[in-house]
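Report on one structure; see the data block that follows.
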Amino acid sequence: MKKKVLVTGAAGFIGFHTIKSLVSEEVYEVIGLDNINDYYPMTLKFERLKALGIHPDFIRYSKESISETFKDFKFIRMDVTDEKALFSLFQKESFDYVIHLAAQAGVRYSIDNPNAYIQSNVVGFNNILEACREYPVDHLVYASSSSVYGLNTEQPFSVKHKVDKPASLYAATKKSNELMAHTYSHLFNIPTTGLRFFTVYGPWGRPDMAPMLFANAISKGEPIKVFNNGQMERDFTYVGDIVEGVCKVMTTVPSENENGNQYKIYNIGNSKPVQLMDFIETLGNELGMEVKKNFMPMQDGDVVSTYADTSELSREIGYQPKVTIQEGVKEFVTWFKEIYSKS
C-alpha cells in the first residue's frame, strides 16, 4: 500500500517542486494543502497548481480538487490556522508523513506585518503539531530557515551554533518552530526534523526574492536594487537539490538522541557561497542584457553573508547538491523567458 504524504504550502515554490517530485515516483499518495493567500500574485500560485494538474476553476468552486495529471495527487484549499478543518483532515486521511512548508515568508514583510507571521508561522505550526499528536505520523518534516542564524558571524553556519540573536521577526518565528518541535518530540514522542533552507532559487521561484526581482527589472531595462553596495554573499541553492534532500529526509526518521527524543535539525544548502555581484553578472549574461545597478545601503533585518555547513546532512542521508550556479541560473532563465514573462 502506498504511503500517504501531506505537503502544506502546496502552491508555494518549494511545495510545488516537492509534490512534483513525490508524485513522479508513483509510490506515494500525496495531498497538497494551501490557503493561496495574496502575499504575492495568486496567478503564479494557480499556474504552479495547474502544472500539477489542478485547474484554477476547480479551486475556485471546490475546496478539494483531484489532479488531472497525477492520479495520486489531490489538492485542498485550506489554511493551517483553521484548527477544526485541519484536525478533520488528519482524522480522515491517516497520514504517514507530513512535510510542513506553509508559512508566511519574507524577512522585510515581517517588519510591517508582524501579525501575519505569528498567525501562520506560530499558530499554524502549533496546529500541525497538535494534529500530529492527536493523529500520529511516522515523521514530521518542517521548514526552518537560515535566517535563524541572524547576527551570528561565525561561518560556515553550523547547527551546533547558538541561534539566539534573530535579526527579524520572520527568523524569530522559525526559531520558535524548532523549539516547539523539540517540545512535542520530547513530550509526545513525535519524530520531527527541521530543515534550515539556504537561499533557494530556480524555476517557479517567488517573485519577492532577488532572482525574480532582478530578472524582472533587467528584462525591462530597469535598474536593480543592490543592497549593502553589493558587499553581500549568499549560499544560493538550486531548488532541485533542495527537493531531493527534503524527500530523503522524509523517509529518514530520526533516531533517538542523547535525551531520548526523535528530534533533528539540519542545514540544507549548497555550501558554496556566491558573491552577490557574481550572481548578478551570471544572471545578466544568461538574459543577454545589460544590468543597470542602483547601489543602496543595507536593509533592516538583512544579513551580509550566509554559508551552510551541510556535513551532517551529507553524512546521515547522503545529501550532495549537484547543480552549479551557472547551471541553476540557466534553468531559471529558461523558465523565466518561456513561461513566467509570458504569463
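The values are calculated or read from the model by the stated rules, or taken from the named source; none is laboratory data. Computed from a prediction, not measured in an experiment: that's the story for all the values here. When we count neighbours, we look across all protein chains shown, and the Cβ atoms used for this are built from the backbone with ideal geometry, even at glycine.
In a residue-by-residue description of region 321-343, the property of being part of a strand (DSSP E or B) and of a type in the set (Gly, Ala, Ser) applies to no position. When the residues of region 297-333 are filtered to those that are under 15 Å from residue 234 (Cα atoms) and aliphatic (A, V, I, L, M), the one that is farthest from the chain's Cα centre (by Cα) is 298. In the set (1) under 28 Å from residue 23 (Cβ atoms); (2) part of a helix (DSSP H, G or I), the condition left unmet by residue 253 is number (2).
Out of 59, 19, 54, 31, one residue alone is among the hydrophobic types (A, V, I, L, M, F, W, C) and under 15 Å from the mean Cα position of the chain (by Cα). It is 19.
β-branched (Val, Ile, Thr), modelled with pLDDT under 95 and farther than 18 Å from residue 203 by Cβ: is that true of residue 59 in this structure?
Yes, satisfied.
For region 304-324, the set of residues classified as under 20 Å from residue 155 (Cα atoms), of a type in the set (A, V, I, L, M, F, W, C) and surrounded by fewer than 21 Cβ atoms within 10 Å (Cβ to Cβ) consists of 304 only. For the condition farther than 26 Å from residue 162 by Cα and at pLDDT below 95, residue 305 does not qualify.
If I filter region 254-265 for residues that are modelled with pLDDT of 95 or more, buried (at least 20 other Cβ atoms within 10 Å of the Cβ), closer than 15 Å to residue 201 by Cα and in contact with a helix residue (DSSP H, G or I) (Cβ under 8 Å, 6 or more places away or on another chain), do I get at least one hit? No, there is no match, as no residue in region 254-265 is modelled with pLDDT of 95 or more, buried (at least 20 other Cβ atoms within 10 Å of the Cβ), closer than 15 Å to residue 201 by Cα and in contact with a helix residue (DSSP H, G or I) (Cβ under 8 Å, 6 or more places away or on another chain).
Among the residues making up region 53-75, those that are of a type outside the set (Lys, Arg), in contact (Cβ under 8 Å) with a residue 40 or more places away in the chain and surrounded by fewer than 20 Cβ atoms within 10 Å (Cβ to Cβ) are 70, 72. Being among the hydrophobic types (A, V, I, L, M, F, W, C), buried (at least 18 other Cβ atoms within 10 Å of the Cβ), without any contact (Cβ under 8 Å) to a residue 60 or more places away in the chain and farther than 19 Å from residue 294 by Cβ narrows it down to one residue among 181, 172; which is it? So the residue among 181, 172 that is among the hydrophobic types (A, V, I, L, M, F, W, C), buried (at least 18 other Cβ atoms within 10 Å of the Cβ), without any contact (Cβ under 8 Å) to a residue 60 or more places away in the chain and farther than 19 Å from residue 294 by Cβ is 172. Would you point out the residue of region 100-119, among those that are over 20 Å from residue 78 (Cβ atoms) and among the β-branched types (Val, Ile, Thr), that is surrounded by the fewest Cβ atoms within 10 Å (Cβ to Cβ)? Here the answer is 111.
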